[in-house]
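What follows is a set of notes on a single structure, which appears directly below.
The values are calculated or read from the model by the stated rules, or taken from the named source; none is laboratory data. Everything numeric in this text was worked out from a predicted model, so none of it was measured. Here the Cβ is made from the backbone with ideal geometry for all residues, glycine too, and neighbour counts use every protein chain on show.
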Amino acid sequence: MQVVAHRGASHEIAEHTLAAYAEAIRIGADGLECDVRLTADGHLVCVHDRNLRRIASSRGLISAMTLEELNRHDFASWKHQWADLDDEAPMVDRETGVLTLRKLLETVADAGRRVELAIETKHPTRYGGLVERRLAHLLDEFGWTGLDSPVRVMSFSYTALQRMQRLAPKLQLVQLIEKAHHWPMLRRLVEPDWIIGPGIGELRDHPGLGKHLNLAEREIHVWTVNTEAELRLCQELGVTAVISDRPAYMLELLGR
């Protein structure tokens with residue numbers, strides 16, 4: 001079972017920061033997960049929300065701002081607002097600006113071991129398919145569009161994954177599922193070799209979902225697994241990757 005760091009080691013360190021990903025690599029996570037959005041000047045950046053309200057106390061929209069404008073905001077301090085006054089706060093090298101996907105790919109390339117990367121394209125967005133086109137172009141620059149690529153692309157949008165399949169047909173794709181009742185419709189659409197990515201809450205609250213995925217012989221990657229009970233459920237279902245805010249804890253529970 002792979003342990004994938006959800007937005008980096010985000011339980012301890014601010015999500016989608018270089019420090020969070022560096023920590024996930026340090027503790028031995030098998031993979032990293034990130035969300036990507038497109039800026040107004042065409043850069044892919046690692047941000048989950050469409051705006052800056054939660055992580056940078058601003059009303060600005062990611063899609064309406066340039067990379068330079070985003071870098072004027074602090075994306076790290078919201079997690080530990082009093083860190084400078086706390087002797088026990090984790091010591092991290094803080095780059096407070098927005099993390100670009102290019103920088104994250106460079107970090108993975110320099111990790112010194114194989115680290116996989118699960119990239120989620122966020123939709124809906126004003127730029128539509130340009131997100132996937134930019135992503136395919138960037139991955140091609142790194143030589144990461146072949147069968148041996150460490151990258152897989154995820155989305156809740158079936159259309160986005162279809163688009164990605166056309167652009168980079170050898171990449172692994174993950175159809176994310178937000179609600180259990182979406183599966184009966186999706187199972188008629190998704191390709192046989194696509195991975196299915198349900199949330200742990202849906203698997204827990206709707207046991208039939210895991211049963212049907214197993215009967216369909218689907219590979220399963222699950223988000224966001226943070227407790228021992230959740231991990232055990234994933235093991236029972238034969239899940240091959242868990243995406244967790246607490247990758248170190250998951251590795252500990254797995255005896256690694």
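Quick one: in the stretch 95-120, which of the residues that are of a type outside the set (A, V, I, L, M, F, W, C) and under 15 Å from residue 20 (Cβ atoms) is modelled with the lowest pLDDT? It comes out as 95. For the residues 243, 196, the requirement of being more than 19 Å from residue 24 (Cβ to Cβ), modelled with pLDDT of 95 or more and under 18 Å from the mean Cα position of the chain (by Cα) singles out 196. Where strands (runs of 3 or more DSSP E) fall entirely within the stretch 115-224, those with at least 1 residues that are in contact with a Phe, Trp or Tyr (Cβ under 9 Å, 6 or more places away or on another chain) and under 22 Å from residue 105 (Cα atoms) are at 116-121, 151-155, 172-177. Residues in the stretch 176-185 that are under 21 Å from residue 35 (Cβ atoms) and surrounded by 14 or more Cβ atoms within 10 Å (Cβ to Cβ): 176, 177, 182.
For the stretch 81-94, the candidate set comprises residues that are more than 22 Å from the chain's Cα centre (by Cα) and part of a loop (DSSP other than H, G, I, E, B); within that set, the residue that is modelled with the highest pLDDT is 88.
If the condition is being at pLDDT 95 or above and farther than 18 Å from residue 131 by Cα, then the stretch 55-69 contributes 68, 69. The condition of being in contact (Cβ under 8 Å) with a residue 40 or more places away in the chain and either touching a helix residue (DSSP H, G or I) at 6+ places or on another chain (Cβ under 6 Å) or closer than 24 Å to residue 204 by Cβ (or both) holds for only one of 187, 163, 126, that being 126. Looking at this structure, is residue 128 surrounded by fewer than 19 Cβ atoms within 10 Å (Cβ to Cβ), at pLDDT 95 or above and on the phi > 0 side of the Ramachandran plot? It is false that residue 128 is surrounded by fewer than 19 Cβ atoms within 10 Å (Cβ to Cβ), at pLDDT 95 or above and on the phi > 0 side of the Ramachandran plot.
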